[in-house]
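Undergrad: I have a structure I would like to understand better, so I am pasting it below and will then ask my questions one at a time.
Every number in this text was worked out from the coordinates using simple rules, so none of it is lab data. All figures in this text were calculated on a predicted structure; none of them were measured in a lab. Cβ placement follows ideal geometry from the backbone for every residue including glycine, while neighbour counts extend to all protein chains displayed.
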Amino acid sequence: MAVATRLTAMQEKKLQNYFGGKRFTLLYKASVHEFSGSNCLKRCCGQGPTLMVIYGGCYVWGAYIRENYKRDDTVPVVLFAFQENEISECDVGAHSPSFFLYEYSVSCSNSLWFLLNLREKKATVSLDTAKKLGLPQDQPISLEECEVFRCEDLLDKRTMKGITQLHERLLHDMKTYSPYGGLVHQIRILLLGPTGAGKSSFFNSVKSVFRGHVTHQALVGSDTTGVSDKSIYFLSLALQIHFFLFLINNHIRGAWVFNSTKPITPVHSNYIDNPLLKDRIHCVALVFDINSVEHLSRDMMAKIKKIRRELIKCGVAHVVLLTHVDSMDLISRGDLGDIYKCMLVKPKLETVHRELGFALSDILVVSNYTSEWELDPVKDVLILSALGQMLWAADDFLEDLPPEETGRYLMIINCGILYRVLHFI
């Protein structure tokens, strides 16, 4: 049976971030492996940097040993403690783990040091240290449990090598991609989402990855009237249903500034009666700020569900794209390397799955380039992976079309959210 930590998920995440983006592996738990200093050392020596966590009453505190060590090595040690939801620390310099994990009576001469007697379940901390860390002034401090974790960098050299190789493979796949069956020469992806959701930033991010440098070609944000060039469109929330129907089926020729007081009609000079499959939208991505998905209004939820029902009727591929993941509390760059397993992101994915009905495999997470000037392979992998999923979803849409509809067909959509169109050859 796996041994579980007593840390809450939030405490564990805060400690991982506080000490530089670490991955924890539980090596020793006193209640399982015996309250013994020698047993603790036996299990933890030679395991690399370690984090010792001590539990006593309402106090959670301990020691972070920065380097790999043997029994009698002297290594840098930092004491820490949770004070409410924050972490305080006290650097106590270099010491030997075999000294503070004592089994017998030892005097505490260092004004910033502490001694831990696991067999007697007590710790002695200097008054200066206790005051700084918010620990009890009465000595010794009783303890109920002690755990020690191995600490590894989330983005160590081996992980980064794997990410770099994945980045190269994904980029090659995207550059050599061709739509299913040669039915169209390029895939058209429609991004729908509120202002500030990250549509323009995603567009810029994709361009940046392909060009090999950060670009801010598309204007981030939108006015309320909407603008359009050859491949980028902005619309306001107030637009009518038929605008979207026309756009999805590409009944609109060339650039068009949408105006709710002057709706386009079949008699308009820019109206296309019979658009071809190559001009249609082949995949739709609903784009949301990941920080807002749990706070969508009922009207917005109803609108999204209606959009999805229409897309399902038409058989059009559709996914959800969650952006701004890097702005979530406690998310670090290391989390981006395996974002779908991050315990802070999972509840967001579950919310979209539960409330909007999307399969978890159809919910994509990205960290866009917004203020950065250098590309990051960790971000690139998320962006390329999301783009790949959209293109493959579009392929599924094309493959499922009946033969009589590979030239012309009608698609009906009902929506009212900001969007932009991406073209990928």
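Undergrad: Considering amide H positions built from the backbone, and no H for Pro or chain starts, which residues 5 or more places from Tyr28, or on another chain, come under 5 Å of its amide H?
TA: The answer is Val148.
Undergrad: Mind listing the long-range amide H neighbours of Met328? Cut-off is under 5 Å, sequence gap 5 or more, other chains count too, H placed in the peptide plane at 1.01 Å from N.
TA: Residues meeting the amide H criterion: none.
Undergrad: Amide H neighbours of Leu364 under 5 Å, at least 5 residues apart or on other chains, H built in the peptide plane: list them.
TA: Val320, Leu321, Leu322
Undergrad: Could you give the distance between the Cα centres of the range 279-313 and the range 128-201, to the whole Å?
TA: 25 Å
Undergrad: Order of 280-288, 292-300 by packing, highest average Cβ count within 10 Å first?
TA: Sorting 280-288, 292-300 by mean packing, highest first, produces 280-288, 292-300.
Undergrad: Here's a follow-up. Could you list, in their original order, any pairs among Lys22/Lys346; Lys313/Lys341; Lys14/Lys305; Lys29/Lys379; Lys306/Lys379; Lys122/Lys341 whose Cα atoms are separated by more than 28 Å? Don't skip to the answer; put the middle values down first.
TA: Working: Lys22/Lys346 19 Å; Lys313/Lys341 32 Å; Lys14/Lys305 36 Å; Lys29/Lys379 36 Å; Lys306/Lys379 32 Å; Lys122/Lys341 37 Å.
Pairs exceeding 28 Å: Lys313/Lys341; Lys14/Lys305; Lys29/Lys379; Lys306/Lys379; Lys122/Lys341.
Undergrad: Please list 3J(HN,Hα) in residue order for the range 337-354, calculated via the Karplus relation 6.51 cos²θ - 1.76 cosθ + 1.60 where θ = phi - 60°; whole Hz, with x for glycine and proline.
TA: After applying 6.51 cos²θ - 1.76 cosθ + 1.60, I find x, 8, 5, 6, 9, 5, 5, 7, 8, 3, x, 5, 5, 5, 5, 4, 4, 6 Hz.
Undergrad: Right, another one. Just name one of Met301, Phe288, Val320: the one whose Cα is farthest towards the positive end of the charge dipole of the range 288-344 (beta-carbon charges, Lys/Arg +1, Asp/Glu -1).
TA: Going by the charge dipole, the pick is Met301.
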